[in-house]
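J.: Below are the structure tokens for one structure; questions will follow.
Nothing in this text is a laboratory measurement; each read-out follows from the coordinates by a stated rule. Since we're looking at a predicted model, the values are computed, not measured. Cβ coordinates were reconstructed from backbone atoms using ideal geometry, including for glycine residues, and neighbour counts include every protein chain displayed.
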Amino acid sequence: MTSTPDRMAILEKRIRDLEAKLESQRENERLIRESRARLDMIMDTVPVGIGIFSPKGRVIMVNSEFRRIIGMAPDEDISGINVTDMYADKEERQRFLKLMEKGRTRFFETRFKRKSGEVFWGSVCSAARKAESGEIRFITTITDITRLKGVEKEKQALQAQLLQSDKLVSIGQLAAGIAHEINNPVGYVKSNLGTLKTYASDIHLWLDTSDRFIQSMAGKKTGTEDSRDRSEAAGLCQKRRDMDIAFLASDSRELIDDCMEGVEKIGKIVADLKGFAHPGKTREEPCDINDGIRSTLNILANEIKYQADVDLDLDDLPMIQGLPQQLNQVFMNILINAVQAIQERKKAQNGPWKGRIRVITRFETGNIRVAISDTGTGIEPANLEKIFDPFFTTKAVGKGTGLGMNIAYGIITKHKGTIRVESTPGKGSCFTIILPAKES
């Protein structure tokens, strides 16, 4: 049996242990409060909206920046708020939840609504985590990127202006050649129409004479024709033979066919030029790469035909999603460079010499490959790495802006493709474009 002093000693020891535990617990609580205060300070200091939400959109916790972004007062109650109501487009909320099925999403950009109803652009990063209760929580950050979107829009507008300026420069360089290509069919259409006018005048004269004879004969009884009538009929037959009415009818058809062909050629040139000069759409649409190449070559026909023969080796390609006017601008810039390089080499040749331009398209392993090669002067090795730099040019003043290849590089990059060049000085160059064939 334990004596009273021993029991007192045991009790005192237990009391001391309890006091030590209480002191340790108080210290832990103090450390937790300090940690929470530091966390709250950090949360309220970072310039990013931070929140914790349930998958159904219930708001569990947000920092002061989140409140500022959505237009809430610092002490405003958040218990009745649902994140779904913050989306300007409810379908975007469903798209976010679809992305979160993988456990996280980064830089999800969409439009949200502030408490006042004002719409703004936000960029969201979120990760799913399991709380101690076992429930899933979305730890989320949001950044207001409205101003950035405005700058991006201005940048896109400036890029569009630059692209259009480059097109106008190209059209200016090609104006004389295009006018020649149009004047040729206009010339023979005009000549054909003059001939047809003469034919029509002769035919109308014969028809008028025939009509008068028919009318005079209509009032006479059969068998009462006199020698004068027979003579007039013979004269008409002779006049028909002299005029060669059968030839006029046959030749008229050919002249009309030639006119139609000329008008169609003019229409094709104008349509291709209009399509090239048009600023184009900003949204992707189905593109036929081969048609784009043919259309570009049609615009350049006069520039090329006196300088080079063109070999076309076009594969059957799928339609892809892209911006056709911009892709045609790439082909235009490369082909203009090819013609100018051939012109330069031609100057150094003794006697008549004609270059060659070869265009190949292939559909390979889910990609479209376009190769445009020429037998021009080629590019010096020291210039190859600078060929896609803005404002870099080796041409004489007035021959180029130094933006053509840089613009081509930007357009192909925007289409998730690549462009490269291989060249041998004195022999020629080859530009190869690879575009992912996202079939339309």
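J.: So if each residue of separation counts as 0.36 nm, and I subtract the Cα-Cα distance between GLU92 and LYS427, what length gain in nm does that give?
T.: 115.1 nm
J.: Suppose each label sits 7 Å from its Cα in the direction of the beta carbon; what would the THR394-ARG129 distance come out to in nanometres?
T.: Once both label points are built, they end up 5.8 nm from each other.
J.: Near the amide H of ARG356, under 5 Å away, which other amide H atoms are found, from residues 5 or more places off or on another chain, if H is placed in the peptide plane?
T.: Placed amide hydrogens put ASP309, THR375 under 5 Å from ARG356.
J.: In addition: Show the residues, 5+ positions off or on another chain, whose built amide H is closer than 5 Å to the amide H of LYS115.
T.: Amide H neighbours of LYS115: GLY71.
J.: Quick one: which residues, 5+ away or cross-chain, put their amide H under 5 Å from the amide H of GLU109? H built at 1.01 Å from N.
T.: Here the answer is VAL124, since their amide H atoms fall under 5 Å of that of GLU109.
J.: Mind checking the full-extension length gain between LEU18 and ASP257? Use 0.36 nm per residue of separation minus the Cα-Cα distance, one decimal, nm.
T.: 74.8 nm
J.: What is the fewest-to-most order of CYS430, CYS287 by other Cβ atoms lying within 10 Å of their Cβ?
T.: Fewest to most other Cβ atoms nearby, the residues stand as CYS430, CYS287.
J.: Sticking with this structure for a sec: Can you tally the net charge around GLU92? Count Lys and Arg as +1, Asp and Glu as -1, for every other residue whose Cβ sits under 13 Å from the Cβ of GLU92.
T.: Net charge in that neighbourhood comes out at +2.
J.: If you don't mind, there's one more thing I want to ask. Assigning unit charges at the beta carbon (Lys, Arg +1; Asp, Glu -1) and nothing else, what dipole magnitude in debye, to the nearest 20, does region 291-417 show about its Cα centre?
T.: Magnitude of the dipole: close to 320 debye.
J.: Can I ask one more? Taking 0.36 nm per residue of separation and subtracting the Cα-Cα distance, what length does fully extending LYS354 through LEU148 add?
T.: 68.9 nm
J.: Which ³J(HN,Hα) values in Hz, rounded to whole numbers, follow from the phi angles of region 297-309 under the Karplus curve 6.51 cos²θ - 1.76 cosθ + 1.60, where θ = phi - 60° and Gly and Pro get x?
T.: 5, 5, 5, 8, 3, 5, 5, 8, 4, 8, 10, 8, 8
J.: Another question, then. Hey, what do the phi angles of region 370-379 turn into as Karplus ³J(HN,Hα) couplings, whole Hz, using 6.51/-1.76/1.60 and θ = phi - 60°, x for Gly and Pro?
T.: These are the phi-based 3J(HN,Hα) values: 10, 10, 10, 10, 9, 10, x, 6, x, 10 Hz.
J.: Still on this structure, I have one more. If I take R0 = 41 Å and measure r between the Cβ atoms of PHE107 and LYS386 in this structure, what FRET efficiency does the formula 1/(1 + (r/R0)^6) give, to the nearest 0.05?
T.: The formula returns an efficiency of 0.80 here.
J.: When the Karplus curve 6.51 cos²θ - 1.76 cosθ + 1.60 is applied with θ = phi - 60°, which whole-Hz ³J(HN,Hα) does each residue of region 421-433 get, with x for Gly and Pro?
T.: In residue order, the calculated couplings are 9, 10, 8, 10, x, x, 10, x, 9, 9, 9, 10, 10 Hz.
J.: Just want the ordering: MET86, MET260, from fewest to most Cβ atoms lying within 10 Å of their own Cβ.
T.: Placing the least packed residue first, the sequence is MET260, MET86.
J.: If contacts are Cα pairs under 8 angstrom and at least 6 residues apart, what is the relative contact order of region 46-144 in percent?
T.: Relative contact order for region 46-144 comes out at 29 percent.
J.: Starting from the Cα of ASP6, step 7 Å along the direction of its Cβ; do the same at ILE139; then give the gap between the two resulting points in nm.
T.: 5.4 nm
J.: Here's another thing I want to ask about it. With a 10 Å Cβ neighbour count serving as the proxy for reagent exposure, in which order, fewest first, do PHE363, PHE331 appear?
T.: PHE363, PHE331
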